[in-house]
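The structure appears below as C-alpha cells.
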Amino acid sequence: MPVEEDSPAVVEPHYLPVSVVKRSPITDKVMVTSSGITQSRWSTAVIAAVGGRIIGLPDELEPGVMVSRDRLMAEIDPVTYQAEVDLARSRVAEAELSLARTRHEQTVVLRDKNTKSLTPLARHEPQVKAAKAEKVASESSLVQALQQLSDTRIKAPFDGIILDQKVTPAKWVQPGEELFVIADSHSIDIKVELPAKLWNRLTEVTPGMVATVTNRQGHTWPATVRYLSPVRDQKTRQRSLVLKVAEPYQGEHRLLPDQLVTVSFDGREYEDVFRIPASSVTDDGQVWTVDKDGRLITEDISVLYHADPYSTIVRFATMPDESRQIVKYPLGSMLKGQKVKPVLQDSGNGDES
C-alpha cells in the first residue's frame, strides 16, 4: 500500500499583541475646579467712641458667637457723661430764658419809642440775635452730650459673628480703642484666581453664576458669583472672581473665614469628544489606533482637558464622530501600517486607572 504523506501544518502569522480600548464619541461637560480662600464679609472693628471704665460685658460674648444688630456688647460707666447731659440741659434752659428776656426787652422798647429814630442796638436786634445763637449752641452741646452718653452703650452695628474680643471686664478704655472684631453673619466671600486655560473652559461668567464650595472635611455649600475683577493680579497675571456663600454660619457645619476651599463650576459642553486613557496620548500629542484590518494608525488630536489623573478628553482631527479602537500603551517600536493583534481591555467610556 502506498504510504500517505503528512500534509504540512499551517503556521499562523505572529502579530504583536497590543492593549486597546473601544471608545465612542460623547458629549461631555467640563467641571472647572480651583482653590480659593474664604474671607469675612464686612469685617469691622467695634471701637469705643468714648473713654471710661467697662462696667458691663456679657459673659456669653466670645469669639464664634452670633450677635444680632443693636445687641449690647459692652457698657462704659456713664456717670461722667450723664453729668455732661444734665449740665447741657441746664445751659439750654438758661439760653431759652435769656432769649425770652431779651425779646421781652425788645418788645417794650419798640412799643414805647419811635422805632424809626432808634439804632439797631437800641432796638435790641443784635441782643436778640446773640441770644438765639446762644440757644442754638447750647442745644448742639446737648445733642453732643446725649450722643456721648449713648456711646457708653456699645452695640453691634449689624448681624454678625464675633471674630475677636480684645476687651475685659473693668478695663479702662480710651476713645478709638478696639473692643471686638465682628463680620457679617449672612454672607462670606471667597476669592478665586483662575489661569487662562480654566477661563477658557467656562461659559460666560456673570454675577449669580452658581458654584459649589467644598472644605477639607468634605462639607459643601452652594455659592454664587458676586463680581468679576476687571483687572488682572499684577504678580500672577491671573483674573479673579469673588463668590459669596449665604448663611455660612448656620447649620451643623460652619464655613469660617481664612479657610482654603475647593470651588467647582460647571464649564463648557463639548460634543463629539473622546474620553481616553491618559496613557494613550504620546509625547508628540498623537494617538495610535487600530483600524478594521488590524493595522496601526497614528491620528492627530486636540487635548481639551484632563478629566482626572487617568483620563483625558480629546477631539480627533478627522472623523471625530466615529468609534475607535485606541491603543492604551503605545510603544516606541510601533510602525504605521503594522499588523497587530488587538487585546480588548474594556468597551466603555469609563475612567482608566
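The values are calculated or read from the model by the stated rules, or taken from the named source; none is laboratory data. Because the structure is predicted, anything quoted here is derived from the model rather than measured. All Cβ positions, glycine included, derive from the backbone under ideal geometry; neighbour counts span all protein chains shown.
Just a few scattered comments:
- Within the option set T80, T107, being under 25 Å from L179 (Cα atoms) and in a helix (DSSP H, G or I) holds for one residue only, T80.
- Of the listed requirements (1) within 15 Å of S185 (Cα to Cα); (2) surrounded by 15 or more Cβ atoms within 10 Å (Cβ to Cβ), G251 misses just one: (2).
- Residue that is more than 33 Å from the chain's Cα centre (by Cα) and either surrounded by fewer than 16 Cβ atoms within 10 Å (Cβ to Cβ) or without any contact (Cβ under 8 Å) to a residue 60 or more places away in the chain (or both), where the choices are A130, A145, A211: A130
Yes/no per residue for (1) in contact (Cβ under 8 Å) with a residue 60 or more places away in the chain; (2) in contact with a helix residue (DSSP H, G or I) (Cβ under 8 Å, 6 or more places away or on another chain); (3) not in a loop (DSSP other than H, G, I, E, B); (4) not charged (D, E, K, R):
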residue: E271; (1), (2), (3), (4): yes, no, yes, no
residue: S279; (1), (2), (3), (4): yes, no, yes, yes
residue: V287; (1), (2), (3), (4): no, yes, yes, yes
residue: L304; (1), (2), (3), (4): yes, no, yes, yes
residue: E322; (1), (2), (3), (4): yes, no, no, no
residue: I326; (1), (2), (3), (4): yes, yes, yes, yes
residue: P330; (1), (2), (3), (4): no, yes, no, yes
residue: Q345; (1), (2), (3), (4): yes, no, yes, yes
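- Residue in segment 204-218 that is among the hydroxyl-bearing types (S, T, Y) and touching a Lys or Arg at 6+ places or on another chain (Cβ under 8 Å) present: no
- Of the residues making up segment 158-176, those that are farther than 20 Å from Q250 by Cα and in a loop (DSSP other than H, G, I, E, B) are K166, V167, T168, P169, A170, K171, Q174, P175, G176.
- Among the residues of segment 292-309, those that are farther than 30 Å from F265 by Cβ and surrounded by fewer than 13 Cβ atoms within 10 Å (Cβ to Cβ) comprise K292, D293.
- Boolean, T312 is assigned to a strand (DSSP E or B), touching a Pro at 6+ places or on another chain (Cβ under 8 Å), buried (at least 18 other Cβ atoms within 10 Å of the Cβ) and among the hydroxyl-bearing types (S, T, Y): yes
- Of the residues examined, V263 is one that is in a strand (DSSP E or B) and not assigned by TED's automatic domain parsing to the domain that holds S323.
- Pick from segment 177-211, criterion among the polar types (S, T, N, Q) and touching a Gly at 6+ places or on another chain (Cβ under 8 Å), ranking: nearest to L163 (Cα to Cα): S185
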